[in-house]
Every structure is written in C-alpha cells, then in structure tokens.
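Visitor: Encoded as structure tokens, here's the structure I'll be asking about.
The values are calculated or read from the model by the stated rules, or taken from the named source; none is laboratory data. Keep in mind the model is a prediction, meaning the values are calculated, not measured. Quick reminder, even Gly has a Cβ in these numbers, built from the backbone with ideal geometry, and neighbours come from all protein chains shown. Keep in mind that these areas ignore ligands, DNA and RNA; they rest on the heavy atoms of the full protein, side chains included. Shrake-Rupley method; radii C 1.70, N 1.55, O 1.52, S 1.80 Å.
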Amino acid sequence: MERRRRAGIALTLSSLSLLFSVTAFCSSYWCQGVRKAPKPLCTGAARESCIRNNQSDYNGSSSVVHYTWETGDDKFIERHFHAGIWYSCEESISGEGEKCRSFIALTPPADRGVLWLSIVAEVLYITLLLTGVSLMSVEICYYTSVIDGLKLNAFAAIFTVLSGLLGMVAHMMYTTVFQMTVNLGPEDWRPQNWDYGWSYCLAWGSFTCCMAASVTTINRYTKTILEFKQRKRNLERSLQNKQTAPGQDGCQAVWDIYIDTLHGGRGGAAGLPSHYGKPFPHTHCDQCC
C-alpha cells in the first residue's frame, strides 16, 4: 500500500507537469510588457489616441498650414503586448482587438537556430513526459507482480529525468532568444519594459513537478531494491541460525522460490511461498520450516 501511495504521488506530479507544459507551449504569455507606438493623425471624428491638427488659411491662400499640438512623449501611446514561442500579439492602435505576428519572424536571423532548438527540446520534453506518465499508469493499473512493477518503475524514472533536463534547457534557450530579440529585433516591436508572464511561470512549474516526480520514482525504486536485499539477508541469517549443518545452496533455493513467488504474484502477507510449512527439497531447513 505504501508503494502504491508513492506511485500515485509520482503519477499525479507527472500528470500536472504534462498539463502545465502543454498549456505553456501553446500559449503566448511567456513574456509581456508595454511598448510605445506613434499616434496616427486624427481624421474624421475626434479620438483620444491620435494627433490633433489645426488648419488655417493665410490671406485666402490655398496652402494649408498644419499645427501639431502634441510634442515629445505626447506623440506616442503605450500598447500592451504579450509574446510566446509561436506568436507575439499587441493591442491595436484603434483599441479594438489585437494584432499578432509570428515570433519566429521577429527573431534576429542569427538567433533563429537557437529558437528552433528550443522548440525541438520542448517537443521532446512533452513526448518523454507523456511516455513516463504512460509507464506509471501501466505500473499502477496493470502490472501483476512486484518484479514487473520494478521494471516499469525504472523505465519511468529514466524517461522522467531525461524529460526534466530537456525542459530546463528549452526554457533557458527561449529566455536567451527573447532577450536577444528585445535588443536586436525590429524597431516597431521592441518593448520599452517587459516582464515574464504566467506561461513562463507555468513552464518552470512544469519542470519543478517533473523533477519532483522523478525523485519520487527513483526513491521508490531504490527503497524497493533495498527492501529486497534486507529481506534476503534476514532470511539467510534465520536459516543459518537454525540449520544443523551449513547449506548455502538450500538458502539460495529458498530465496529463488521467494523471488519466483513474487514474480508470479502469489504468496502470503509476509511474502513467503504458498507451500510455507513444507520442507524444501535438497536442504537442511526442515526444522526452521
């Protein structure tokens, strides 16, 4: 029951990590901030987010002089934006909806290779994490013996650790690419100030859950192996104390029968063979049995 409880904890953490990683990968809120955009000239009905002009005739001349009252920072308006792995979106100047552009197209050509590596690492991270979750689910629901469960547990731990390392590398590469895009990207996109968004926090939360699940899985595997070794030593010590003559082969036969019983999914609550109480062949363990 304790092993199943720890297996359930590892599966829950891995499932949360998978959910967080997929959500962050598909969203566009890794980074968000504000950038200044020039105001358009006011045409037609007066608007607040435009530059107002004053027109006047001089001595009936047909030439028109335009006077712009906004100067300096008054000629710009702040627009909120958010960017992810795939898209970068910002508020439209008219204030209705958003205008989105491909973040890959905004990235400087020298850094696009790093961005594609980040995308590939993210895909591998999700794939390995999904494989680990599948193995943990099979271990909890369908395995028939402790030995089979240990094999599934070992593979699940390997896939989970590898996915966590790939996720960490992918997140760090994207952070580097975004900072380079802020410094060297197009002039009409560069933000004045920015910070990390909820998708970025979700991505690192996914990495944290993944590593916690891998540590739990490895700990469970190691503890089960140590329990097997401790039981083997206790069984050998008990048989050697009660034997009338030394018989190491008999003790090994007893342990082999114990392992075969676990592999077949049979045995009592104490983990002893089903024919407990009968003498083992070719041994001197009749008295202890």
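Visitor: Given the peptides 210-216, 186-192, arrange them by the average over their residues of other C-beta atoms within 10 Å, most packed first.
Guide: 210-216, 186-192
Visitor: Report Rg/Rh for region 82-228, rounded to two decimals, where Rg is the Cα radius of gyration and Rh the Kirkwood radius.
Guide: Here the Rg-to-Rh quotient is 1.15.
Visitor: Separate question: Measuring with a 1.4 Å probe in the full set of protein chains, what accessible area per residue, in whole Å², belongs to region 110-230?
Guide: Counting only protein heavy atoms, the per-residue value for region 110-230 is 48 Å².
Visitor: When you count, for each residue, the other Cβ atoms within 10 Å and take the mean per peptide, how do 156-163, 176-183 rank with the highest first?
Guide: Top of the packing list down: 156-163, 176-183.
Visitor: Using only the alpha carbons, work out the radius of gyration and Dmax of region 77-133 in angstrom.
Guide: Answer for region 77-133, Rg first and Dmax second: 15.5, 49 Å.
Visitor: Summarise the accessible area of region 144-199 (1.4 Å probe, protein heavy atoms) by the percent that is carbon and sulfur.
Guide: 69 percent
Visitor: Taking R0 as 45 Å, what FRET efficiency do you get between Arg112 and Gln230 from their Cβ-Cβ distance, rounded to the nearest 0.05?
Guide: According to the calculation, E is roughly 0.25.
Visitor: Calculate, for Asn183 and Thr23, the FRET efficiency according to 1/(1 + (r/R0)^6) with r their C-beta to C-beta distance and R0 25 Å; round to the nearest 0.05.
Guide: On the way: r = 28 Å, r/R0 = 1.14.
Efficiency for this residue pair is about 0.30.
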